[in-house]
Each structure stands twice: as structure tokens, then as C-alpha cells.
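Student: Encoded as C-alpha cells, here's the structure I'll be asking about.
The values are calculated or read from the model by the stated rules, or taken from the named source; none is laboratory data. Owing to the predicted nature of the structure, the values given are computational and were not obtained by experimental measurement. Please note: Cβ atoms are built from the backbone with ideal geometry, for glycine as well, and neighbour counts cover all protein chains shown.
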Amino acid sequence: MSIETRDRRSVVVQLRDALRELIESMEPGERLPSENELVARFGVARGTIRESLKLIEQDGLVDVQHGRGRFVSAVADLGVNRPITNFEGVTEMLKALGFAPRTRLLLAERVGADEDEAAALGIAPGDEVVRLARLRTNKRQPLVLSINAFRAELLGEETVAQQDFSGSLHVWLSARGAEPISSAARFQAVPLPGDYAEVVGEPAASGAWLLTSERCFDASGNVVLFSRDYHRGDVFSFHVVRRRAD
């Protein structure tokens with residue numbers, strides 16, 4: 001995989017994804033190419049290679065054996081499970097898992113922030129936010145219900161009705177100078193909110209859903225997005241790598 005100069009993501013992130021693809025083609029215990037070999041393969045600087053490898057190591061996809069190299073870990077063979085350390089938008093995640101997601105916009109409004117939104121965004125209850133509710137589907141099957149909120153000031157002089165929220169919200173925010181680059185998240189197994197159960201339909205709505213409540217930060221540490229993403233429990237699972245403390 002080559003690094004695409006027109007891709008708006010950083011080279012480090014592009015290379016991380018390229019390394020994931022490489023690892024998927026390998027067997028657990030197999031040795032990764034050396035840093036010199038990766039430099040020649042991808043045509044990027046050694047420092048970029050090392051930064052991307054650190055991201056892969058944090059996901060637990062490789063084991064580092066000092067003096068011997070990096071080897072594909074057993075965790076890398078978990079299939080469609082996602083590392084819980086990944087920071088990615090829902091659209092990006094679904095595409096990475098091989099889905100062809102479609103977005104159904106259920107709600108887009110400029111309203112006063114509720115208490116949860118205000119606490120997450122660091123504003124006062126009642127301050128204006130844009131609240132979205134969107135259902136991601138694949139072949140008409142519901143996969144993820146997303147309820148997002150961000151400060152209404154990011155609209156500038158425009159209205160909610162003028163916006164296209166059918167794609168990645170991370171891309172939309174980046175174009176407004178509020179690119180999310182990291183997050184703090186909480187995971188819970190919950191039922192789907194009653195207001196949306198009828199929209200999702202049976203039998204999916206009656207099952208357990210995995211709720212990710214996430215505050216997303218820009219490069220300056222400002223919270224630019226509060227997301228509540230309900231992942232269909234019989235489709236998605238996430239893994240976390242745990243290591244014994246030194």
C-alpha cells in the first residue's frame with residue numbers, strides 16, 4: 001500500500017493503517033519487516049515508521065522482542081474485533097471492517113444543551129449546540145445509532161439545514177478548524193433508547209447495545225464533540241490489551 005498524498009489524514013495514521021493491512025496478511029508469531037525494510041517499502045522517514053509502529057504496538061498487534069524485532073501477536077488474529085485504543089470515527093470504523101455504510105439522518109437541530117452535553121463540552125446547560133441523531137446501516141441492516149453534539153458556534157453564519165451530515169462528522173469538524181484527534185471514552189452495555197427503538201426495528205432493537213460515550217479533543221485539548229454511539233451488540237465487539245505493570 002502506498003501513502004496517498006491527497007489523503008487528508010496524517011502520514012503516520014495512513015502508515016498505521018497500511019501496517020495493519022500488512023499484519024492481516026501475516027500469521028501470529030511471524031516477524032515484521034525491519035525498520036529499514038519498511039522505509040524502503042513505504043518511502044517515508046524512519047521517524048514516521050517508528051511513530052506508526054508505536055500505534056500498532058499500543059493496539060497489541062505486535063510483540064516487541066528487544067534485539068530480535070517485532071512479531072505479529074496472537075491478538076492480531078482476533079478478526080473483526082476492534083482494539084479499544086483505536087480513535088476513529090464511526091464511518092471510518094465501519095469501512096475498515098468491510099461494511100459499506102449508509103447514513104440515515106434522524107435528527108438535526110440547533111437546541112439548548114442538556115446537562116450531559118453541557119458537562120461533556122464544558123458549557124452551561126442551555127447554551128446552544130447542534131444535536132444530531134444518525135443511524136448507520138449496511139444493506140438496510142442497522143449497525144450503529146449515533147447521537148452527537150457540538151457547539152453551535154461552529155456553524156458560523158450558516159444554518160443546520162445548509163449542512164450535509166451524511167458523511168464523516170470528523171471530516172466536517174476538521175473543515176471547521178475543529179479536527180478531533182483524541183478522545184476519552186466510557187463503554188457500557190445498555191438497551192437502545194426508547195425514542196429510537198421503533199426506527200431501528202426488531203429484532204435488533206430488543207438486543208443489547210454497546211454504548212460508547214466519548215468526548216473528542218482537538219490538538220489544543222478543547223472538547224469539540226460529544227458522541228454517544230450505540231453499537232449493535234450482536235455484531236460488534238472490542239478488545240483491550242492488558243499487560244502486567246512493571
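Student: Does ALA124 satisfy the condition of being in contact with a Pro (Cβ under 7 Å, 6 or more places away or on another chain), over 22 Å from ALA175 (Cα atoms), modelled with pLDDT of 95 or more and not in a strand (DSSP E or B)?
Tutor: Values: in contact with a Pro (Cβ under 7 Å, 6 or more places away or on another chain): no; over 22 Å from ALA175 (Cα atoms): yes; modelled with pLDDT of 95 or more: yes; not in a strand (DSSP E or B): yes.
Taking the combined requirement at face value, the residue does not satisfy it.
Student: Within the range 126-147, can one find any residue that is touching an Asp or Glu at 6+ places or on another chain (Cβ under 7 Å), surrounded by fewer than 20 Cβ atoms within 10 Å (Cβ to Cβ) and under 15 Å from ARG176 (Cβ atoms)? Talk me through it step by step, then tell me what you get.
Tutor: So in the range 126-147, the residues touching an Asp or Glu at 6+ places or on another chain (Cβ under 7 Å) come out as 129, 131, 144, 146.
Subsequent filtering for residues that are surrounded by fewer than 20 Cβ atoms within 10 Å (Cβ to Cβ) retains none.
Checked the range 126-147: no residue is touching an Asp or Glu at 6+ places or on another chain (Cβ under 7 Å), surrounded by fewer than 20 Cβ atoms within 10 Å (Cβ to Cβ) and under 15 Å from ARG176 (Cβ atoms).
Student: Return the only residue of LEU132, LEU169, LEU154 being within 19 Å of ARG104 (Cβ to Cβ) and modelled with pLDDT of 95 or more. Please lay out each step first, then the result.
Tutor: Details: LEU169 fails: modelled with pLDDT of 95 or more; LEU154 fails: within 19 Å of ARG104 (Cβ to Cβ).
It is LEU132.
Student: Hey, another quick one. Under 8 Å by Cβ, and 6 or more places apart or on different chains, what pairs join a residue from the range 148-165 that is not assigned by TED's automatic domain parsing to the domain that holds VAL129 with one that is of a type outside the set (D, E, K, R) and at pLDDT below 95?
Tutor: none
Student: Taking the range 85-106, which residues are within 14 Å of LYS139 (Cβ to Cβ) and in a loop (DSSP other than H, G, I, E, B)?
Tutor: Within the range 85-106, LEU97, GLY98, PHE99, ALA100, PRO101 qualify.
Student: A further question follows. Are any residues in the range 105-128 aliphatic (A, V, I, L, M) and under 20 Å from ALA185 (Cα atoms), and if so, which ones? Let's see the steps before the verdict.
Tutor: Of the range 105-128, the ones aliphatic (A, V, I, L, M) are 105-108, 111, 113, 118-121, 123-124.
Passing the criteria: ALA113, ALA118, ALA119, ALA120, LEU121, ILE123.
Student: Any idea how many residues of the range 197-229 are assigned to a helix (DSSP H, G or I) and closer than 11 Å to LEU145 by Cβ? Outline the logic, then answer.
Tutor: Restricting attention to the range 197-229, the residues satisfying the condition of being assigned to a helix (DSSP H, G or I) are 197-200, 204-206.
Checking which are closer than 11 Å to LEU145 by Cβ leaves us with 197, 199-200, 204-205.
Here the count works out to 5.
Student: I'm checking my understanding of the structure. Among residues of the range 18-45 that are surrounded by fewer than 17 Cβ atoms within 10 Å (Cβ to Cβ) and within 26 Å of GLU179 (Cα to Cα), which one is modelled with the highest pLDDT?
Tutor: Top of the filtered list is ALA45.
Student: Follow-up question, since we're still on this one. Let me confirm something: among GLY201, GLY177, GLY112, which residue is free of Cβ contacts under 8 Å to residues at least 40 places away in the same chain and at positive phi? First the steps, then the outcome.
Tutor: Details: GLY201 fails: free of Cβ contacts under 8 Å to residues at least 40 places away in the same chain; GLY112 fails: at positive phi.
It is GLY177.
Student: Which residues, taken from the range 53-82, are part of a helix (DSSP H, G or I) and modelled with pLDDT under 90?
Tutor: The first filter runs over the range 53-82 and keeps only residues part of a helix (DSSP H, G or I), leaving 53-58, 74-77.
Matches in the range 53-82: LYS54, LEU55, ILE56, GLU57, GLN58, ALA74, VAL75, ALA76, ASP77.
Student: Could you check, for the range 173-181, whether at least one of its residues is among the basic types (Lys, Arg) and over 14 Å from the mean Cα position of the chain (by Cα)?
Tutor: Initial filter on the range 173-181 (among the basic types (Lys, Arg)): 176.
When the remaining residues are screened for being over 14 Å from the mean Cα position of the chain (by Cα), the result is 176.
Yes; the residues of the range 173-181 include at least one that is among the basic types (Lys, Arg) and over 14 Å from the mean Cα position of the chain (by Cα).
Student: Just checking, how many residues over the range 170-187 are surrounded by 11 or more Cβ atoms within 10 Å (Cβ to Cβ) and part of a strand (DSSP E or B)?
Tutor: 5
Student: Please count how many residues of the range 199-235 are surrounded by fewer than 19 Cβ atoms within 10 Å (Cβ to Cβ) and modelled with pLDDT under 85.
Tutor: 9
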